[in-house]
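Visitor: One structure follows; several queries about it will come next.
The values are calculated or read from the model by the stated rules, or taken from the named source; none is laboratory data. None of these values were measured; they are calculated from a predicted model. Here the Cβ positions follow ideal geometry from the backbone for every residue, glycine too, while neighbour counts run over all protein chains shown.
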């Protein structure tokens, strides 16, 4: 289990140095959680990951999923492993205690998710659905439906799906054509076709509850005419074939990766559904779920990036190549270029982990604070969500690709998991909102909507940390220059927005990247200061972060120019 023990060592450092775990656990809301419980969950998740998920990731990728007569079968062994996952209590981690949940803070949920996703990303996706959909039901659904389905999501009898996209409406949800017509006994008839539905059908649970976004009868158009509906696979929870609802998987998508996660086309033919929240306010009912999903995608990026780094490091330490042919070859960790790649991977993977956990930390602090403090922490968490999601997803793919480079020819084969990890994580910068959509959300809704006030508050926090950082911290000087560039770019963006709101759109993606660069290296500066133990991990972390400081201000200056450059007026 060495690779998972190394992962846990890193996660523990981050929880204390970055994620404010001590303050969060000291709050009354989380007084039932202590460090012993967290250590137990770390031990349990790492053992489960090594003993169950690693082998399943390989066999599941090879076998894939099958569809026959509208029913999807997961790769052999997956249903049994999922039931064991439920029996061990993993679905309960983030749910309220009144539903027999453990109500752990988001920072701990995210750390446990990283361990499981690092072993098997496709398997972990079903767990994300459970956590996020259950919270959406609890927040919006009638009590009868909550009691009917949420307990089953914890014990492995029920699983949920998120059903949004359509052939003509991927992220453009205002163009959804699936309809919901009121029927008898508070039910609705749902008709339409949905695509790209993760775990849209499978054989791991008896019941599946689809959370479907559909148009309701309304004089409104677009998103104001949408409702959210719970559509069960079976009308009665005793699960008999004569009680099948009008929802069928008609196709499995053939994908670049995530072969063990079925991505389905669903046909809804007079499917019976129940309204969640209010008619016309489907997006509002999705809000809790979507924030959770975006944080989870950021954690997926951290999981793949950090595990790819550890796998590449393990390989490099045991792979002999080079040197004089008349003496024993040296391990490739001795080669300067391999060492460079491993340190670059370490720095980036650690910093995107820090970004994901800092986002979760702000969201936890919002729950345990009052008044203005609670509001500010929530705004900070929501500010960081598109950064954690986008930068985490994109960086993870790059890091997995660099890991393949470390392994050379072996990295390109399925003898090692890195090629699968690269394929699996590629979609993370697409689903739950593409990078371009996240950039517009970040710039328009999170930064410019309040005239940059919450981002300026975060900049002031960074400035204070710079003032108190030790002079020998290699990131201190580079961050001071970078922060100055960032502040100037923000002011220019605010001025441009005031004159012409559309003018900021061409540079939105690069401003998101610049913001991610600044925040990751701020957290990297804090990590460097915390890595004080004489362990291999702490020494490697400090060396990696020292390397990452090189050229930081120059990278920021380039991104700043791209933010302000705009796009040439040309028809494409």
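Visitor: Inspect the stretch 545-565 for any residue being over 19 Å from residue 348 (Cβ atoms) and without any contact (Cβ under 8 Å) to a residue 12 or more places away in the chain and give the result as yes or no. Break it down stepwise before answering.
Guide: Initial filter on the stretch 545-565 (over 19 Å from residue 348 (Cβ atoms)): 557, 560-565.
Of the ones still in play, those that are also without any contact (Cβ under 8 Å) to a residue 12 or more places away in the chain are 561.
Checked against the condition, which is being over 19 Å from residue 348 (Cβ atoms) and without any contact (Cβ under 8 Å) to a residue 12 or more places away in the chain, the stretch 545-565 yields at least one hit.
Visitor: I would also like to ask the following. Test each condition in (1) under 27 Å from residue 59 (Cβ atoms); (2) part of a helix (DSSP H, G or I) for residue 414 and report the one that comes out false.
Guide: Going through (1) under 27 Å from residue 59 (Cβ atoms); (2) part of a helix (DSSP H, G or I) one by one, residue 414 breaks only (2).
Visitor: Taking the condition surrounded by 15 or more Cβ atoms within 10 Å (Cβ to Cβ) and within 26 Å of residue 180 (Cα to Cα), does residue 289 pass?
Guide: Considered against the rule, which asks whether it is surrounded by 15 or more Cβ atoms within 10 Å (Cβ to Cβ) and within 26 Å of residue 180 (Cα to Cα), residue 289 comes out as yes.
Visitor: Which of (1) under 26 Å from residue 7 (Cβ atoms); (2) in a helix (DSSP H, G or I); (3) touching a residue at least 24 places away in the same chain (Cβ under 8 Å) does residue 59 not meet, given it meets every other one?
Guide: With (1) under 26 Å from residue 7 (Cβ atoms); (2) in a helix (DSSP H, G or I); (3) touching a residue at least 24 places away in the same chain (Cβ under 8 Å) applied to residue 59, the lone miss is (3).
Visitor: If you don't mind, there's one more thing I want to ask. For residues that are surrounded by 18 or more Cβ atoms within 10 Å (Cβ to Cβ) and part of a loop (DSSP other than H, G, I, E, B), scanning just the stretch 250-278, find the one that is modelled with the lowest pLDDT.
Guide: Looking at residues that are surrounded by 18 or more Cβ atoms within 10 Å (Cβ to Cβ) and part of a loop (DSSP other than H, G, I, E, B), I get 277.
Visitor: Just the residues that are part of a loop (DSSP other than H, G, I, E, B) and either modelled with pLDDT under 95 or under 22 Å from residue 116 (Cα atoms) (or both), please, taken from the stretch 1-30.
Guide: Of all residues in the stretch 1-30, those part of a loop (DSSP other than H, G, I, E, B) come to 1, 18-20, 27.
Within the stretch 1-30, 1, 18, 19 meet the criteria.
Visitor: Out of the stretch 364-374, which residues are surrounded by fewer than 23 Cβ atoms within 10 Å (Cβ to Cβ) and touching a residue at least 60 places away in the same chain (Cβ under 8 Å)?
Guide: Restricting attention to the stretch 364-374, the residues satisfying the condition of being surrounded by fewer than 23 Cβ atoms within 10 Å (Cβ to Cβ) are 366-374.
Residues satisfying the conditions are 367, 368.
Visitor: Restricting to the stretch 412-421, what's the tally of residues that are farther than 16 Å from residue 118 by Cα and touching a residue at least 12 places away in the same chain (Cβ under 8 Å)?
Guide: First, pick out the residues of the stretch 412-421 that are farther than 16 Å from residue 118 by Cα: 412-415.
If we keep only those that are touching a residue at least 12 places away in the same chain (Cβ under 8 Å) too, we end up with 414.
Qualifying residue count for the region: 1.
Visitor: Checking residue 23 against (1) within 30 Å of residue 264 (Cβ to Cβ); (2) surrounded by fewer than 21 Cβ atoms within 10 Å (Cβ to Cβ), which test does it fail?
Guide: Only one criterion is unmet by residue 23, namely (1).
Visitor: Still on this structure, please answer the following. Return only the number of the condition from (1) surrounded by fewer than 21 Cβ atoms within 10 Å (Cβ to Cβ); (2) under 20 Å from residue 170 (Cα atoms); (3) touching a residue at least 40 places away in the same chain (Cβ under 8 Å) that residue 220 does not satisfy.
Guide: (2) is the only condition that residue 220 fails.
For (1) crowded, with 19+ Cβ neighbours inside 10 Å; (2) under 30 Å from residue 45 (Cβ atoms), each residue gets a yes or a no:
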| position | (1), (2) |
| --- | --- |
| 128 | yes, yes |
| 133 | yes, yes |
| 168 | no, no |
| 227 | yes, no |
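Visitor: Answer yes or no as to whether residue 359 is under 22 Å from the mean Cα position of the chain (by Cα), over 30 Å from residue 289 (Cβ atoms) and either touching a residue at least 12 places away in the same chain (Cβ under 8 Å) or not in a helix (DSSP H, G or I) (or both).
Guide: Values: under 22 Å from the mean Cα position of the chain (by Cα): yes; over 30 Å from residue 289 (Cβ atoms): no; either touching a residue at least 12 places away in the same chain (Cβ under 8 Å) or not in a helix (DSSP H, G or I) (or both): yes.
The answer is no for residue 359.
Visitor: Quick check on residue 381: is it more than 26 Å from residue 107 (Cβ to Cβ) and surrounded by fewer than 24 Cβ atoms within 10 Å (Cβ to Cβ)? Please lay out each step first, then the result.
Guide: Numbers: more than 26 Å from residue 107 (Cβ to Cβ): no; surrounded by fewer than 24 Cβ atoms within 10 Å (Cβ to Cβ): yes.
Answer is no for this residue.
Visitor: Which one is surrounded by the fewest Cβ atoms within 10 Å (Cβ to Cβ) among residues in the stretch 66-82 that are in contact with a helix residue (DSSP H, G or I) (Cβ under 9 Å, 6 or more places away or on another chain) and in contact (Cβ under 8 Å) with a residue 24 or more places away in the chain?
Guide: Within the stretch 66-82, the match that is surrounded by the fewest Cβ atoms within 10 Å (Cβ to Cβ) is 73.
Visitor: Let me ask you something else. Filter the stretch 135-145 down to the residues that are more than 14 Å from residue 287 (Cα to Cα) and either crowded, with 23+ Cβ neighbours inside 10 Å or in contact (Cβ under 8 Å) with a residue 24 or more places away in the chain (or both) and list them by number. So that I can check it myself, show each step before the final result.
Guide: Filtering the stretch 135-145 down to residues more than 14 Å from residue 287 (Cα to Cα) leaves 142-145.
Matches in the stretch 135-145: 142, 145.
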